[in-house]
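Written out below as structure tokens is the structure these notes cover.
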Amino acid sequence: MNSLNRLQEHGQSIWLDLLDRDMMNTGKLQSRISNDDLRGLTSNPSIFEKAISGSTDYDADIANLSKTEDDNAAIFFAMAIKDIQRAADIFKPVYDKTNGKDGFVSLEVSPYLARDTEGTITQARELWEKVNRKNVMIKTPGTREGLPAIRKCIAEGININITLLFGLPRYREVTEAFMGGLEERLKGNKPIDEIASVASFFLSRIDVMVDPMLKQKNAPELKGKIAIASAKMAYQIYLETISDERFKKLEAKGAQRQRLLWASTGTKDPAYSDVKYVEPLIGKETVNTLPVETIEAFRDHGKVADTLTKDTESAIRALEGLKEIGIDIHQITQKLEEEGIEKFNQAYDKLLKSIDDQKQQKS
């Protein structure tokens with residue numbers, strides 16, 4: 001049993017932050033499920049762009065789809081749905097074994113819909129129907145405009161992975177949207193026991209933005225601590241939510257808990273440990289979605305212990321210390337959300353250009 005396997009003993013599931021056809025064709029994905037107890041995976045435009053531009057695996061699909069489809073976005077989603085369906089089928093035994101708690105594969109709506117409530121709802125509904133797998137989650141943005149979309153999609157019975165979460169106030173709003181959607185569904189006399197959701201809290205990007213500010217403020221004692229502190233406080237909100245009478249009523253009707261998922265967990269500063277965003281955040285009812293490099297690192301030398309609820313006082317002090325030196329974490333997380341949208345848009349544009357380049361080469 002390796003360190004990755006042992007995380008399950010502490011209630012944490014590991015998902016892979018990657019999807020390409022090579023890993024499915026060669027059996028590498030199945031191997032990770034069997035040997036590392038991998039329990040799911042996530043995708044995004046950047047992941048698909050690298051898969052499409054970095055291999056010839058998609059050339060035939062692009063050529064065939066181009067015969068009847070001019071829109072590059074439509075070509076992308078046709079290929080993505082095909083991959084997501086295949087990955088979902090590979091993970092179906094995990095979904096069955098865990099009674100629908102794990103074994104999920106995530107597909108993201110267009111990042112250009114981050115500020116478009118109705119557009120998000122429409123595309124989430126279309127993708128959910130086209131993929132047609134119980135163990136798929138549709139990734140929707142945790143923006144202000146995304147909140148009513150989250151509620152509506154949950155009410156319609158769509159599994160949702162909320163993405164681009166950076167701040168604690170917004171995470172509270174996401175839990176509200178989740179519960180509101182379940183309540184709305186119950187009012188329509190529809191079952192809620194098979195609806196799954198995760199709230200993806202982005203980590204490393206917080207430290208990337210805050211650390212230079214700390215250097216300017218001459219506060220080295222807080223360097224590299226803010227993302228972990230934010231995650232630990234987010235988990236305290238999660239514990240409050242599941243203990244609240246409102247959610248207990250939903251749980252009595254079969255509702256699953258909306259787990260926190262740690263995202264952006266690859267270490268970007270080489271001065272930090274390569275398992276910095278794994279070891280301190282191990283706890284019950286959580287998911288950590290890891291890039292391949294971090295999975296390999298944690299398997300090799302990761303230490304497993306119940307850490308998520310430890311040192312919460314230190315987390316509180318770190319966030320208070322930030323405020324004391326004049327750094328507004330809420331302004332930072334709002335800026336990170338805006339930057340995150342822009343980065344996803346850029347990746348999406350690059351993805352569509354890769355498809356267009358492939359089309360031009362074949363013409």
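Okay, here's what the table says:
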| item | result |
| --- | --- |
| Selection from the stretch 311-325 of residues that are free of Cβ contacts under 8 Å to residues at least 12 places away in the same chain and farther than 12 Å from residue 221 by Cβ | 313, 320, 323 |
| Yes/no for residue 100 being touching a residue at least 12 places away in the same chain (Cβ under 8 Å), among the small types (Gly, Ala, Ser) and surrounded by fewer than 18 Cβ atoms within 10 Å (Cβ to Cβ) | yes |
| Top-ranked residue of the stretch 21-60 - restricted to ones that are modelled with pLDDT under 95 and under 17 Å from the mean Cα position of the chain (by Cα), ranked as surrounded by the fewest Cβ atoms within 10 Å (Cβ to Cβ) | 46 |
| Within the stretch 350-363, considering residues that are of a type outside the set (D, E, K, R) and part of a helix (DSSP H, G or I), the one nearest to residue 210 (Cα to Cα) | 351 |
| Residue satisfying all of: in the stretch 73-84; under 18 Å from the mean Cα position of the chain (by Cα) and not acidic (Asp, Glu); surrounded by the fewest Cβ atoms within 10 Å (Cβ to Cβ) among these | 81 |
| The lone exception for residue 328 - which of (1) on the phi > 0 side of the Ramachandran plot; (2) over 21 Å from the mean Cα position of the chain (by Cα) it fails | (1) |
| Qualifying residue in the stretch 197-214 (condition: surrounded by fewer than 16 Cβ atoms within 10 Å (Cβ to Cβ), at pLDDT 95 or above and either among the charged types (D, E, K, R) or not in a helix (DSSP H, G or I) (or both)) | no |
| Looking only at the stretch 178-193, and only at residues there that are charged (D, E, K, R) and without any contact (Cβ under 8 Å) to a residue 40 or more places away in the chain, the one that is surrounded by the fewest Cβ atoms within 10 Å (Cβ to Cβ) | 187 |
| Members of the stretch 207-251 found to be within 29 Å of residue 185 (Cα to Cα) and of a type in the set (A, V, I, L, M, F, W, C), listed by number | 234, 237, 239, 242, 247, 250 |
| Helices (runs of 4 or more DSSP H) fully within the stretch 231-349 counting 3 or more residues that are of a type in the set (A, V, I, L, M, F, W, C) and surrounded by 14 or more Cβ atoms within 10 Å (Cβ to Cβ) | 292-301, 312-324 |
| Selected residue (only one of 162, 158 is closer than 19 Å to residue 262 by Cα, without any contact (Cβ under 8 Å) to a residue 40 or more places away in the chain and touching a strand residue (DSSP E or B) at 6+ places or on another chain (Cβ under 9 Å)) | 162 |
| Residue list for the stretch 333-353, filter: touching a Leu at 6+ places or on another chain (Cβ under 9 Å) and either of a type outside the set (S, T, N, Q) or over 20 Å from residue 205 (Cβ atoms) (or both) | 336, 337, 340, 341, 344 |
| Of residues in the stretch 4-20 being in a loop (DSSP other than H, G, I, E, B) and under 15 Å from the mean Cα position of the chain (by Cα), the one nearest to residue 286 (Cα to Cα) | 17 |
| Spans of helices (runs of 4 or more DSSP H) in the stretch 21-125 with at least 2 residues of a type in the set (Val, Ile, Thr) | 45-53, 72-97 |
| Residue count for the stretch 11-46, restricted to those that are in contact (Cβ under 8 Å) with a residue 12 or more places away in the chain and touching a strand residue (DSSP E or B) at 6+ places or on another chain (Cβ under 9 Å) | 21 |
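One line per residue, one yes/no per condition, for (1) farther than 29 Å from residue 113 by Cβ; (2) at pLDDT below 95; (3) in contact with a Ser or Thr (Cβ under 6 Å, 6 or more places away or on another chain):
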| site | (1), (2), (3) |
| --- | --- |
| 287 | no, no, yes |
| 291 | no, no, no |
| 298 | yes, no, yes |
| 303 | yes, no, no |
| 309 | yes, no, no |
| 317 | yes, no, no |
| 324 | yes, no, no |
| 328 | no, no, no |
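Matching residues to (1) modelled with pLDDT of 95 or more; (2) of a type in the set (Gly, Ala, Ser); (3) in contact with an Asp or Glu (Cβ under 7 Å, 6 or more places away or on another chain):
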residue: 76; (1), (2), (3): yes, no, no
residue: 98; (1), (2), (3): yes, no, no
residue: 103; (1), (2), (3): yes, yes, no
residue: 107; (1), (2), (3): yes, no, no
residue: 155; (1), (2), (3): yes, yes, yes
residue: 164; (1), (2), (3): yes, no, yes
residue: 172; (1), (2), (3): yes, no, no
residue: 175; (1), (2), (3): yes, no, no
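The values are calculated or read from the model by the stated rules, or taken from the named source; none is laboratory data. Just so we're clear, the structure is a prediction, and the values are computed from it rather than from any experiment. Because the Cβ atoms are built from the backbone with ideal geometry, glycine has one as well, and the counts that use them run over all protein chains shown.
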